[in-house]
Amino acid sequence: MDLCSVACAIQNLWLAAHAEGVGMGWVPLFEPVALARLLGFPAGARPVALLCLGRVDAFYPEPMLETQGWDSLRSLGDLVFRDAWGRADQE
């Protein structure tokens, strides 16, 4: 449950930052063990995310994943499933 709580906290932080005109980025590529060592994490603790926060002049008009061609917008129906992975949510 702790990982779910962290994910929710990150999403809330991201939404609050955006509402306040603060940019936030999630750095996807990092070595968790090396980062934990660098920051002196206690035994058993592990980093889950590397986040960058700061004032920005403007926000991208679309997600950077789209701008860079890494991903594209998908319909909600392609992402929401019922009772099992891949089973469309149809009532």
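Looking across region 61-79, the residues that are exposed (fewer than 10 other Cβ atoms within 10 Å of the Cβ) and aliphatic (A, V, I, L, M) come down to Leu73, Leu76, Leu79.
Scanning region 47-68 for residues that are in a loop (DSSP other than H, G, I, E, B) and in contact (Cβ under 8 Å) with a residue 24 or more places away in the chain gives Val48, Ala49, Val56, Phe59. Scanning region 28-58 for residues that are surrounded by fewer than 10 Cβ atoms within 10 Å (Cβ to Cβ), hydrophobic (A, V, I, L, M, F, W, C) and under 20 Å from Trp70 (Cβ atoms) returns Leu29, Cys52.
Among the residues of region 14-27, those identified as over 10 Å from the mean Cα position of the chain (by Cα) and either touching a residue at least 40 places away in the same chain (Cβ under 8 Å) or surrounded by 10 or more Cβ atoms within 10 Å (Cβ to Cβ) (or both) are Leu15, Ala16, Ala17, His18, Gly21, Val22, Gly23. For Val33, the conditions (1) outside any helix (DSSP H, G or I); (2) under 20 Å from Ala7 (Cα atoms) all hold with the exception of (1).
Since every read-out is calculated from the coordinates, none of them should be taken as a lab result. Please read these numbers as outputs of a predicted model, since none were measured by experiment. Note that each Cβ is placed from the backbone with ideal geometry, even for glycine, and that neighbours are counted across all protein chains shown.
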